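Quick notes on the structure that follows.
The values are calculated or read from the model by the stated rules, or taken from the named source; none is laboratory data. Predicted model only: the values in this text are computed from it and were never measured. Quick reminder, even Gly has a Cβ in these numbers, built from the backbone with ideal geometry, and neighbours come from all protein chains shown. Accessible surface is based on the protein model in full, side chains and every heavy atom, while ligands, DNA and RNA are left aside. Shrake-Rupley method; radii C 1.70, N 1.55, O 1.52, S 1.80 Å.
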Amino acid sequence: MAGKKHERTASQEDVLKHPSTKRAKEIDGPDNPYDELLERISSPPSSGASAGDVKDGAAKPRNVLHWFRSKDLRADDNRALHAASQKAREGAGALLACFLFSPEDLEWHGTSPARVDFMLESLRLLQEQLEGLNIPLVQLTAEKRADKGETILGLVREHDVSHVFANIEYEVDELRRDLDLFERLGGEENGVQFVLHHDQTIVEPRTLTTGAGGPLKVFTPYHKAWLAEVSGDPSLLDTVPTPDANDKSVKSGDLKKLFGQPVPKVPESKQFPSTKDRDRIRKLWPAGHAAGMQRLREFLGDKVQTYAQNRSTPAADNSSRLSAYFSAGVISVREALGAARKTNGGSADFSQSGAEAGVASWVRELVFREFYRHMMAVTPHGSMNLPQNLKFDFVQWEADDEGWRKWCAGTTGVPFVDAGMRQLAAEAYMHNRLRMNVSSYLSRSLLLDYRRGERWFAETLVDWDLCNNTQGWEPSYTVFNPVAQAEKCDPRGEYIRKWVPELRDVEGKAVFDPYHRLSREEFDKLDYPPPHVDFKESKERCIQRYKQDMADADP
Ligand SMILES: Cc1cc2nc3c(=O)[nH]c(=O)nc-3n(C[C@H](O)[C@H](O)[C@H](O)COP(=O)(O)OP(=O)(O)OC[C@H]3O[C@@H](n4cnc5c(N)ncnc54)[C@H](O)[C@@H]3O)c2cc1C
């Protein structure tokens, strides 16, 4: 019997719009753009589609272009850039690089001022490094999202480019953009080869399968298979060198004007409220590859040893704080794991039995990152404002605007949640344990559409990453009790006291739940709000709502 059809929750805001669950299934199945892309990559350019010298594989390349995306902003260990450099050496042309700035993309995704600034500063440093190698980094802007292909094509035509190289981005819009590029570049008129590389992960998405051949969809078996794959073939961790320098004549000839182009200006909507805010964030997250590598060395030289026991203790601040560098590709995951391998005595066995607890535990987190990219390729609808488990799209969310405002401001009256939200506001970053708690509080305790929180994270985090963020926000039945979580993960209340100064002088366990653990008189003196919802009641309401709305959901 067919299940009953539920009304889909009407999105309150345009930015939360998404396709129907029926369409999502088509995108996961017959219309999967990743399948299409893989097919394009594996099939040779169609005859007649490539012009002149490129048609003949043996012919010499002319100028070769590497197109940096917002996820591979580095010259070191960049797969597509390295391949472009090698290709350029086969001919007499030069290696060129470009970055395509899309202000509409930033609006579309809600990218935060912190991430935009980090990206553009890293781009500026990258340009300096490349120009030192006589490689220009051309700064392009596509005012409209739809103009991206044409903008790249313009550069290609103007500078006699025979090959365009880039690294794959796994989200649906980006896959479709690249499919479009294949058509435009490889067409009769242009005949340019478009070469895509896997770069974001150690193990290519969708290659780890179950015994029956289907993709692994559960983390634990994925992690196990990943560990076996990497210890079985440590060359997966090998890095590639920075590109070869162009001849210095490139800087004075026809291509001269491509050098020294200013990096794009930060759009007004993405500027920090003040330069003081900008400088504070820049100090926390210094841009560029060298800064990222230094942070990596410091982490592996020290904190990694205590990572396993402290990873869920936010006051210890014991994690690497490298997420911004990974999400913008400012350092590569191979550089990170290559360094972890050295810490591990040269062994690529990162299992519990093959590595120190800290190293094994840290690598496991990086495998989560790999898993989320893998899952995006398995169920691409995940990048379209829809949950992986489509049944959750049938949940009717609440419209508690006061709860929403309090959540954003860190004034819910729940100290652990408020501390997390205030860390986010101050640092454009939040400890992982807090991300888990504040997301549970929003979509389960407040029963607000989880997509609103996901969007808020995009608008505030320096490390926003679509794959990690959407899958971190994936709804579930696990309702975190933020008081019990605080008692376990912040046993002395240090993290709470740091971020919620109203509670600095509250002694003992009252800091975890001051409203219930202090007298009314003591509480009233604090200038801290009472809890917006009762935890027990809201938990029951959530479980009941989820069960009821998903009971016969038929996505
Ligand atoms: C609701 C929610 C939203 C999140 N949004 C993002 C996001 O937008 N961008 C982002 O990079 N991470 C996100 N995460 C994952 C995680 O919280 C951060 O990667 C981590 O806190 C970054 O701190 P770190 O670099 O010190 O991590 P470390 O503990 O040092 O881990 C090393 C690296 O592993 C990866 N990693 C760690 N934890 C996870 C995880 N749970 N899932 C996937 N990758 C992980 C990151 O690249 C991280 O830099 C989210 C988690 C949740 C629960």
TODO: Beyond 26 Å between alpha-carbons counts as too far, so tell me which of LYS283/LYS406; LYS217/LYS547; LYS270/LYS406; LYS303/LYS406 fall in that bin.
DONE: LYS283/LYS406; LYS303/LYS406
Open item on the list: What Kirkwood Rh does the chain have if only Cα atoms enter the pairwise 1/r average? Answer in Å.
Closed with: 25.2
Task: At least 20 Å along the helix axis (C-alpha) and Kyte average at least -0.5, DSSP helices within the chain - done: 113-131, 357-378
TODO: Please report the relative contact order for the chain, taking Cα pairs under 8 Å with a sequence separation of at least 6, and give it as a percent rounded to a whole number.
DONE: 19
- [ ] Rounded to the nearest 500, what is the 222 nm mean residue ellipticity of the chain from helices alone, with -39500 (n - 2.57) per DSSP H run of 4+ residues and division by all residues?
- [x] -13500 deg cm²/dmol
Open item on the list: If N is the number of residues in segment 281-375, what value comes out of its Cα radius of gyration divided by 2.2 N^0.38 Å?
Closed with: 1.05
Open item on the list: Taking all protein chains in place and a 1.4 Å probe, what share, in percent, of the accessible surface of segment 391-550 do carbon and sulfur account for?
Closed with: 49
- [ ] Could you order ARG184, ARG492, ARG497 by accessible surface area, starting with the largest, using a probe radius of 1.4 Å?
- [x] ARG492, ARG184, ARG497
Task: Relative contact order, percent, segment 356-461 [alpha-carbon distance under 8 Å, six or more residues apart] - done: 20
TODO: Go from 0 up to the bin containing the longest alpha carbon distance in segment 391-550, width 5 Å each, and give me the % of pairs per bin.
DONE: 1, 9, 20, 22, 20, 15, 8, 4, 1, 0
- [ ] Give the percent of DSSP beta bridges with both residues in the chain that are antiparallel, rounded to the nearest 5.
- [x] 5
Open item on the list: Restricting to DSSP loop positions (anything but H, G, I, E, B) with no more than 14 other Cβ atoms inside 10 Å of their own Cβ, which chymotrypsin sites (Phe, Trp or Tyr not before Pro) remain in segment 452-555?
Closed with: TYR477
Task: In Å², nearest 10: area of LYS224 left accessible to a 1.4 Å probe - done: 150
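Semi-axes, largest first, in whole Å: what does sqrt of 5 times each Cα gyration tensor eigenvalue give for segment 162-291? Working shown, then result.
On the way: eigenvalues 236, 142, 73 Å².
Values for segment 162-291, descending: 34, 27, 19 Å.
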- [ ] Mind grabbing the accessible area of ARG62 for me, 1.4 Å probe, Å², rounded to tens?
- [x] 60
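Quick one: with all protein chains in place, what share of the accessible area of segment 268-388 is carbon or sulfur, to the nearest percent (1.4 Å probe)?
Numbers: 2290 of 4830 Å².
Ligands and nucleic acids excluded, carbon and sulfur reach 47 percent.
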- [ ] Please work out, to two decimal places, the log10 of the ratio I(q)/I(0) at q = 0.15, 0.19, 0.34, 0.35 Å⁻¹ from a Debye calculation in which every Cα of segment 182-221 carries one identical scatterer.
- [x] -0.59, -0.68, -1.09, -1.12
Task: Per residue solvent-accessible surface (Å²) - the chain, probe of 1.4 Å - done: 43
TODO: Please go through segment 449-555 and write out the GluC sites (Glu not before Pro) that DSSP classes as loop and that have at most 14 other C-beta atoms within 10 Å.
DONE: GLU507
